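Let me begin by presenting the structure, written as C-alpha cells, before commenting on it.
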Amino acid sequence: MKNNQDTKPYSNEDEIDLRKLFKLLWEDKLIVIVLTLVLSITALIYSFTLPNVYKSEALLSPVGNETSSNQAMNNIGGLASLAGINVQSQSAGNSTKALKKLTTLSFYKDNILPNIFLPDLMAMKSWDAKSNTITYDADLFDNETKTWTKIPSPQKSYKDFKRILEFSQDYDTGFVTISIKHQSPYIAQEWTNLIVNQLNDFFRINDKKEAQAAMDFLNFQMTQTSYTEIKQVIAQLLQNKMQQLTLIEANDFYVFSYLDPPMVMEEKIEPNRRSILILGAVLGAFLGILIIISREFFINRNS
C-alpha cells in the first residue's frame, strides 16, 4: 500500500492570487489603456474603409393557382383511369420548386445574368449617394470603353451573386422572403424585383408549354377514338387545360405575389461600425492583459 506521506501536500501557492493579479494589472494599466486605444482607433478607421451595404427585401405570398386545377383533375381521375388515361396531379407547388430553382446556376445564367449589368456585381468600387452614380474598379472594368480586363465566367459571377442573395420561407404560413444586399440601394431593389419577375415568368412559360402540349395531345386523341366515355374524359381534361391556360395568361404574379414589395432603403445594414469599434477595444484590452501576464510569468521563471 502506498504511503500517504509520499503524496505531495497541497499548497496555497498553487492557487492564482487574484489580489496580486489585479495589483499587477493596475500597476501596468498604461499598457492596457494604450493597446485598447490603439486597436479601437484602428478598428474605427478600418470600419470607415468598408462600404455601406443596403438590403432590399420582398415579402411574398405563394399564388394558389394549382388548388382548383388539381381538384378538378382529382374529380375526373377515376373516370380517366377507367378510360385508360393516366392523370397525375402535381404534388409540389410551384412556389416550392421556385425556391429550389432560384439557387441553380442555370436559372442565374439564363434568367438573371442577361438582365443585369455585370460590372455592378463584379467590378463595383463605390456608390455616390448624392448623384446616384457608381464607380468601378479600373483594373477590372473600363467604364469609358465599357470593356473588361478579363470577362468573368458565369460560374464565377454566380458565386458572387449567391453571396448577396438571401431567401427564406415560413413553413407555418408559406410566406417567402427574398432579398438582395448591395452597395447601391437602387440596384438592391431592382435585382430583388428582377428575381421575383423572372421566377414568375419562368414557371408561367414552362406551364404554358406543358398545358399547350397536353391540349394538342388530347385533341389528337379525341380524333382517334370512337368511345363516348373516353371522349367525355378527354373533353373534361381539355376544359381543365383551357382553364389552366386562362389562369396562366391572366395572372401577372404566377408563382409569387407581393405582400410587401422591395423598397429603396435609406438606412444601411452593413457595416456595424459600433460593433467593430467595441470588438477592437475588447481585443486591445485582452492583448494588453495577456502581455502583462506573460511578461510577469517569464520574469518569475527566470528569477
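Annotations for the structure displayed:
- Within the stretch 141-161, the presence of a residue that is more than 20 Å from the chain's Cα centre (by Cα), in contact (Cβ under 8 Å) with a residue 40 or more places away in the chain, at positive phi and surrounded by fewer than 20 Cβ atoms within 10 Å (Cβ to Cβ) is excluded.
- Screening TYR254 against (1) outside any helix (DSSP H, G or I); (2) free of Cβ contacts under 8 Å to residues at least 12 places away in the same chain; (3) among the aromatic types (Phe, Trp, Tyr) leaves a single unmet condition, (2).
- Looking across LYS125, LYS130, LYS100, one residue alone is over 19 Å from TYR186 (Cβ atoms), modelled with pLDDT of 90 or more and not aliphatic (A, V, I, L, M). It is LYS100.
- Filter pass, ILE293 being loosely packed, with under 15 Cβ neighbours inside 10 Å and farther than 30 Å from ALA129 by Cβ: yes
- Residue count for the stretch 255-274 under the criterion of being over 30 Å from SER95 (Cβ atoms) and at pLDDT 95 or above: the result is 0.
- Every condition in (1) in a helix (DSSP H, G or I); (2) over 23 Å from ASN193 (Cβ atoms) holds for SER226 except the one numbered (1).
- Failed item, numbered, when GLN244 is tested on (1) at pLDDT 80 or above; (2) of a type outside the set (Gly, Ala, Ser); (3) within 26 Å of LYS100 (Cα to Cα): (1)
- Any hit, the stretch 201-224, residues being touching a residue at least 24 places away in the same chain (Cβ under 8 Å), touching a strand residue (DSSP E or B) at 6+ places or on another chain (Cβ under 8 Å) and within 30 Å of VAL53 (Cα to Cα): no
The values are calculated or read from the model by the stated rules, or taken from the named source; none is laboratory data. Nothing here was measured: the structure is a model prediction, and the numbers come from that model. So basically every Cβ, Gly included, is an ideal-geometry build from the backbone, and we count neighbours across all protein chains shown.
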